[in-house]
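Novice: Could you have a look at this structure, given as structure tokens, before my questions?
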Amino acid sequence: MSRLSRRLQDLAARNRAALVTYIMGFDPDRATSQAIFDGLPAAGADIIEFGMPFTDPMADGPAIQFAAGRALEAGGSLKGTLEMVAAFRRTDDATPVVLMGYYNPVYAWGPEQFCADAARAGVDGLIIVDLPPEEADELLPHCLANGIDFIFLTTPTSDEARLPVIVGQASGFVYYVSIAGITGTASASNQAIGDAVARIRRHTSLPVCVGFGIKTAGQAADVARMADGVVVGSAIVAAAADAAKAGADPVEAALSLVRGLAAGVRGARGA
């Protein structure tokens, strides 16, 4: 069983949703990003999504677009991202790490070699935003051969015909994008999220994690009552960036927000 499946099963047995936190590798620089990365588990993150810096993050809103730009200016690369995962693994062998990003850098690396190198570094899952199920054949088999879960996105527009195609190839969990749009913007209503999670669960036994537009502990708690996991990214990235602009500590700003989100998620079901 993968780290990711084990963590989600353990939390389900305790009647608690997972807090899934996203940060961008190398944002605003390698040392600061590594410090946030290393501090996330103690702050309450159950699963970490680690962004791969890319020049054209088309699915992301301003917070993560700016983060990608800062990361690239700081020398961010896919090689460096894997090195950061390996560094994280020297002190944490339990927390699942999911790389999130776009296919171009992976394609340039070579899908087979990349999956082998990612697994060696300690990566547990991949979310490739711009690689739909119909085009995943050149990457998915190499993920499976190296024990890496491949996580697909579903959206409010994924209908009853489309959902089986998506979840049929997924592993680890299903990521429900709760709004039709980019990251870090609007938030979906609780009713819409609850209905969507129920609909997805009719098509798969995989855990369902919900992201996009979740910014506060209260919102995280609301989603944690309905879904198996709560994904927060833009709010964490923005908290660190705002602190740095104000001359404060970006590491503490990010981890302080995560601590609050974790408290919301952990108390959501009376756990």
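Novice: In the chain, which whole DSSP H runs stretch at least 24 Å along their own axis (Cα) and average 0.0 or higher on the Kyte-Doolittle scale?
Specialist: Helices passing the filter in the chain: 250-267.
Novice: Restricting things to alpha carbons, tell me how big the range 3-267 is in terms of Rg and Dmax, in Å.
Specialist: Here Rg and the maximum Cα pair distance are 16.8, 51 Å.
Novice: How high is the relative contact order of the range 90-216? Use alpha-carbon pairs under 8 Å, at least six apart in sequence, and give a whole percent.
Specialist: Relative contact order for the range 90-216 comes out at 20 percent.
Novice: Run the numbers on the chain and let me know its relative contact order in percent, using alpha-carbon pairs under 8 Å that are six or more apart.
Specialist: Relative contact order for the chain comes out at 23 percent.
Novice: Let me ask another. Given 25 °C and 0.890 mPa s, compute D for the range 67-184 with the Stokes-Einstein relation, Rh being the Kirkwood radius over Cα pairs; round to the nearest whole µm²/s.
Specialist: My calculation gives 161 µm²/s for D.
Novice: Give the order of MET58, MET52, MET84 when sorted by the count of other beta carbons within 10 angstrom, beginning with the fewest.
Specialist: MET58, MET84, MET52
Novice: Determine, for ARG202, ARG6, ARG70, the number of other Cβ atoms within 10 Å of each Cβ, and report the residues in order from fewest to most.
Specialist: Lowest count first: ARG202, ARG6, ARG70.
Novice: May I ask for the equivalent-ellipsoid semi-axes of the range 5-97, computed as the square root of five times each C-alpha gyration tensor eigenvalue and listed largest first in whole Å?
Specialist: 25, 15, 10
FYI, it's all coordinate maths here, none of it is from the lab. This is a predicted model, so every value here is computed, not measured. Cβ: placed from backbone, ideal geometry, glycine included. Neighbour counts: every protein chain shown.
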